[in-house]
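Read through the structure below, which is laid out as structure tokens, and then see the notes.
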Amino acid sequence: MTQIAIIRHGTTSWNRAGKLQGHSDIPLDEEGITQALKLGQRLTGEDWDLMYSSHLLRAKQTAAIIAQELSIESVIEDKRIGEAGGGLIEGTTEEERQLQWGPHWKAMDLGMESNASVVARGLSFMQDLLSENSGKKILLVTHGSFIRQLLDALMPQMHPTPAMKNTSITRLQFSDENWKCELFNCVSHLE
């Protein structure tokens, strides 16, 4: 059985402002650093074989803080678990998008990465991860939209997946060609 814990990065100033981040490389803010530290402390005492992170700064910073708490020596970066690209809407709030492009902005071609593209790279990553690391315990630090789309593809029975909370942990098991979700979107370390 392979165990995977999927973690959303800590809070950034853009999260708090309601701005879509996408591929924009926004760092953690003070709250995000504290959240990552608390999650690392929560995971202390658990044995993890590997840790992967998105290549984007907010995920890398979250992973580095957790890795330090857990004495994990290296974090493997993989662009395939990066956030969905937001094109022209990156850095904007919902209100700004409505003002600039109208209420049907989601149907417009604004350079956003397609759901199919996000899912394809996510499934490619998971397939490689499972084939190379069967039976291991693995941490992934990634992004909210990416997590939702990946979970919708892996476990359609969960659809629609709600918004992921910053530094939430979702624990999955893969055994006998089946996925099982043991814990979903949990932030008990922040309570």
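The numbers here are math on the coordinates, done by the rules we state, and not lab data. Keep in mind the model is a prediction, meaning the values are calculated, not measured. Positions of Cβ are backbone-derived with ideal geometry, glycine not excepted, and every protein chain shown enters the neighbour counts.
Here are a few things to note about the model shown:
- Divided by 2.2 N^0.38 Å, where N counts the residues, the Cα radius of gyration of region 2-190 comes to 1.01.
- Computed lengthening from residue 163 to residue 46, 0.36 nm per intervening residue step minus Cα-Cα distance: 39.5 nm
- Binned Cα-Cα distances of region 75-149, short to long, each 5 Å bin given as a whole percent: 3, 14, 21, 20, 15, 10, 7, 6, 3, 1
- Two tests apply to each whole DSSP H helix in the chain, Cα reach of 18 Å or more along its axis and mean Kyte-Doolittle hydropathy of at least -0.5, and the ones passing both are 30-43, 57-70, 115-132.
- Based on the Kirkwood approach, the hydrodynamic radius assigned to region 121-186 is 12.5 Å, with every pair of different Cα atoms included.
- For the pair residue 123 and residue 136, the difference between a 0.36 nm per residue extended length and the Cα-Cα distance amounts to 2.9 nm.
- Listed pairs 79/180; 60/137; 60/106; 19/106; 19/137 exceeding 23 Å between Cα atoms: 79/180; 60/106; 19/137
- Each label was represented as a point 7 Å from its Cα along the Cα-to-Cβ direction; for residue 25 and residue 101 these points are 2.4 nm apart.
- The mean sequence separation of alpha-carbon pairs under 8 Å and at least six residues apart, normalised by the residue count of region 2-190, gives a relative contact order of 33 percent.
- Taking each DSSP H run with n ≥ 4 as -39500 (n - 2.57) and averaging over every residue of the chain yields -11500 deg cm²/dmol at 222 nm.
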